[in-house]
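Each remark here refers to the structure printed beneath this line.
A short reminder: the numbers here are calculations on the coordinates, not readings from a lab. Every value quoted in this text rests on a predicted model; they were computed, and no experiment measured them. Here the Cβ positions follow ideal geometry from the backbone for every residue, glycine too, while neighbour counts run over all protein chains shown.
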Amino acid sequence: MTKKGQHVVPNGGKWSVKTAGASRASSTHKTQAEAIKAGTQRAKKEGTELYVHGRDGRIRERNSYGHDPHPPKG
Amino acid sequence: MPPPFERSVFVNCPFDPEFAPILQAICFCVANLGFRPRLAPENADNAAARLDRIIELVRGSKFGIHDLSRCKSTAANEYARMNMPFELGIDHACRRYGGGQMETKMILVLERTRYDYQKALSDISGWDIQVHGEDHQKAVRRVRDWLVDRAGAEAIGAAKVLGEYAAFQEWYWKRELATGADEDDIKEYPTNLILRAMHDWIDAGKPV
């Protein structure tokens, strides 16, 4: 079974870390940078991907911390 | 074969790249709640006139979501965008004069800031008019609430819809990467292809 990715998403004026499909945030932060830091730790622990969304809600960046058949460029 | 009238939602929104994130979030919300978003580009048969295509979508959709947030010009000498209010008028006329099931049609109007419509289209006072402030999360909440209230959609919470939107995007990125696309390709896909992928994801049982 594929592990669910971690997502850094806008949440009102703040930024949250959410597991894919979840309605509740794992954590919420004042800045996107803080949320990315928390999300990265979670993704590493879970051995999965971290998806960073823009303020518009769409994925703008992806980082893999598990077995990734399609590793991000660069 | 077109989707059934009772489950079809005509989405009358701007198609410019700046609005695409809000349009895509609205489409996801509609599709995820079990309805079929109907967009003008979906039946882009060059043989049919654009207006005829729009009328066909309006007549085939019980529900209409009309976003008027681009009707206001943003710079001097820029023309206001008139297509959205024009298509809203077609939808309203279809409900008023279409007869039969057309009388059951329902309309939601979205705008950027509260009471913008009063300055440009005060005839619609008293309609279902909601504000999204150009925020995709607010747009999802407004559309979700309206579909639950007026269309009998399952009352899935807006936060759940947004969580599933993230799950869909993750699935979509993985699928497209597996087909040989790169990340820049995926970011530039047009809304009608993303909408098709939303239906694929739902048909596959909403995998996470």
So, for the Cα atoms of the protein assembly as shown, Rg and Dmax in Å stand at 19.6, 61
Two-site label geometry, A:Ser64 and B:Ala181: point separation in nm, points 7 Å out along Cα→Cβ
1.7 nm
Measure nothing but the geometry: give the 0 to 90° angle between the long axis through the Cα atoms of A:32-46 and the longest principal axis through the Cα atoms of chain A, rounded to 10°.
40 degrees
Got a sec? Charge dipole of the range B:57-208, +1 on Cβ for Lys and Arg, -1 for Asp and Glu; which of B:Val161, B:Ile124, B:Ser69 is way out at the positive end?
B:Ile124
Taking the Cα centroid of the range B:150-208 and of the range B:89-137, what is the distance between the two, rounded to the nearest whole Å?
27 Å
Modelled label-to-label distance, B:Arg112 and A:Arg24, 7 Å Cα→beta-carbon offset: nm?
3.8 nm
With each label point set 7 Å from Cα along the Cα-Cβ vector, what nm distance links B:Ile55 and B:Ala75?
3.6 nm
The FRET efficiency for B:Arg196 and B:Ser122, from their Cβ-Cβ distance with R0 = 35 Å and rounded to 0.05, is 0.35
Go through A:Ser23, A:Tyr51, A:Gly39 and say which Cα lies farthest out towards the positive end of the charge dipole of chain A; charges sit on Cβ, +1 for Lys and Arg, -1 for Asp and Glu.
A:Ser23
Can you pull the mean other chain C-beta count within 10 Å for peptide B:150-159?
1
Within chain A, longest stretch free of exposed trypsin sites (Lys or Arg not before Pro) [DSSP loop, at most 12 other beta carbons within 10 Å]
A:31-72
Exposed-site-free run, longest, chain B (rule: GluC sites (Glu not before Pro); DSSP loop; at most 11 other C-beta within 10 Å)
B:79-153
Over the alpha-carbon set of the range B:85-208, work out the extent along each principal axis and list the three values in angstrom, largest first.
50, 33, 27
